[in-house]
1. Distances longer than 14 Å among the Cα atoms of the range 33-75: what percent of all pairs is that?
2. Working from Cα positions, state the angle (0 to 90°, nearest 10) between the long axis of helix 75-86 and the longest principal axis of the chain.
3. Modelled label-to-label distance, residue 212 and residue 182, 7 Å Cα→beta-carbon offset: nm?
4. Roughly how large, in nm² to one decimal, is the mean projection of the convex hull of the alpha-carbon atoms in the chain?
5. For the range 163-201, list residues with backbone N below 17 Å from a point placed 7 Å from the Cα of residue 245 toward its Cβ?
6. Classify the range 110-216 as rounded, prolate or oblate from the Cα gyration tensor: take a ≥ b ≥ c as the square roots of its eigenvalues, call it rounded if a/c is under 1.5, otherwise prolate when a/b beats b/c and oblate if not.
7. Defining a contact as two alpha carbons under 8 Å apart and six or more residues distant in sequence, what relative contact order in percent does the chain show?
8. For the residue pair residue 149 and residue 81, what label-to-label distance in nm results when each label sits 7 Å from Cα along the Cα-to-beta-carbon direction?
């Protein structure tokens, strides 16, 4: 039995779609009605990391688990404790590429470093996935692209080797279903670094209409992010943007092509496949 968490998010949803049809799958979801793409035989369990009884139910009989957490706090601690008690043998943990950057010391990165240490020290087999930023982050521009034909972002000329979430999911499925991934850490990037201005140009070409890129200053970005996130997360995201401007996120890794036997997907492919989100109704 494989347990998938984060099944309503961008990676977990794609993992569910890619697991073999004959694989026993269980899904832990806070809102089961939002789970899509699960195999017809999948068992969906309602629960939350803060509900120890739901974790016990979800982890019963599980061999391997895909662990995704998004709230800075103790969710990983609760899950790992329950997984060890349930006899889970292997945890595939979604982390972040910034963990390996000595210049990254924001609250999100410190939290992920602690989570990695927790998993490594759990006594279970583990695999750590460290993706660079997801190409799907561009969906944050969809509304302004549709309504105003504009993309607004910080530091439009700073590159990021962002990765297609579907490539991350493909790697996760291999780690969950194949031997040979225990004790491994994989940094997952796209095939090339790309800037927000270049992404805007590619979107415009695919849409067949001009788009304008507007660079946000630090205060504008802080205000925009502050409308969506708490203060500590806002500051973490701004710190990440500064590291990107310094070139810290441009480095590529060969893990995706090495593991999947094909090139990592480029932004143009991701954008083409999601063009409907940017198209006017």
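1. On the way: 551 of 903 pairs.
So the portion of pairs separated by more than 14 Å is 61 percent.
2. 30
3. A separation of 5.8 nm, rounded to one decimal place.
4. Working: hull surface 58.6 nm².
Over every viewing direction, the Cα hull of the chain projects on average to 14.6 nm².
5. Flagged as within label range: 195-197.
6. Values: a/c = 3.22, a/b = 2.37, b/c = 1.36.
Taking the square roots of the gyration eigenvalues as a ≥ b ≥ c, the range 110-216 is prolate.
7. Relative contact order comes out at 18 percent.
8. Calculated label separation equals 5.6 nm.
Read the figures in this text as sums done on the coordinates, not as results from a lab. Just so you know, these numbers come straight off a predicted model, no measurement behind them. As a convention, Cβ positions derive from the backbone with ideal geometry for all residues, glycine included, and neighbour counts pool all protein chains shown.
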